[in-house]
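Participant: Here it is: the structure, laid out below.
The values are calculated or read from the model by the stated rules, or taken from the named source; none is laboratory data. Please read these numbers as outputs of a predicted model, since none were measured by experiment. Note that we place each Cβ from the backbone using ideal geometry, even for glycine, and neighbour counts take in every protein chain shown. We work out accessible area using only protein heavy atoms, side chains counted, and drop any ligands, DNA or RNA first. Shrake-Rupley method; radii C 1.70, N 1.55, O 1.52, S 1.80 Å.
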Amino acid sequence: ILPVLTIIVCLPPLAIFTDGIKRMPELVASVMGPIMAFHFLACLPALYLVGVKAWGGTSFAMLSVFILILLTEGNDVLQFLCGKAWGKRKITPLVSPNKTEAGFIGGLVLTTCLGTYLFSSVLNFSLLEGAMLGFLISFYGIQGDLYFSTLKRYFGTKDFSDALPGHGGLLDRMDSLILTAPVVFYAFWFLKGGV
């Protein structure tokens, strides 16, 4: 499990911040995306099972999955709003020209605060654990978004498909979750003492 997590956590920053658009090997671009997507598909139901074991019921398990999705998608919205309001300096103009430092920081702070509240009040995590989970969701959410944007730039496409008019394909909508689901699953796993 840990080698896969290491790949998932380390590959996106390498691709995003090392001028990876021109030099990203096609093998990495075409193989790691599906590997990460299938890993996500395994971690979301696994997160549910961890919730069933940790809290002894399916309602809390469903809440854990719901909070993960809510915070991941909310992080994207908060980063967009903060970037529009205060953003001037771009983070990665070649990969995603609309992502700004203010958007990243604003989303990180607001999602961490929201995660602290939701995880501590709804799922009985400590405030520190809730803050850590909120921070991880925000931090890896933007990396998932930027990583898949890097893949799209490498292959010279704007969207992965036209399944959702105006929004691209399903992968365009789930790119952040592909990183946040495994990271939160492993965080739950370590915090709750294993599966």
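Participant: Can you tell me how many residues within region 98-155 are within 20 Å of residue 12 (Cα to Cα) and either among the charged types (D, E, K, R) or without any contact (Cβ under 8 Å) to a residue 40 or more places away in the chain (or both)?
Facilitator: Total satisfying the criteria: 14.
Participant: So if I check each of 64, 30, which one is part of a helix (DSSP H, G or I), of a type in the set (Ser, Thr, Tyr) and modelled with pLDDT under 70? Talk me through it step by step, then tell me what you get.
Facilitator: Numbers: 64 fails: modelled with pLDDT under 70.
So the residue among 64, 30 that is part of a helix (DSSP H, G or I), of a type in the set (Ser, Thr, Tyr) and modelled with pLDDT under 70 is 30.
Participant: Restrict the check to region 111-132 and report whether at least one residue is within 16 Å of the chain's Cα centre (by Cα) and open to solvent by 80 Å² or more (accessible area, probe 1.4 Å).
Facilitator: For region 111-132, residues within 16 Å of the chain's Cα centre (by Cα) and open to solvent by 80 Å² or more (accessible area, probe 1.4 Å): absent.
Participant: For residue 104, state whether it is over 22 Å from residue 62 (Cβ atoms), hydrophobic (A, V, I, L, M, F, W, C), in a helix (DSSP H, G or I) and modelled with pLDDT under 95.
Facilitator: On the way: over 22 Å from residue 62 (Cβ atoms): yes; hydrophobic (A, V, I, L, M, F, W, C): yes; in a helix (DSSP H, G or I): yes; modelled with pLDDT under 95: yes.
Yes: the conditions hold for residue 104.
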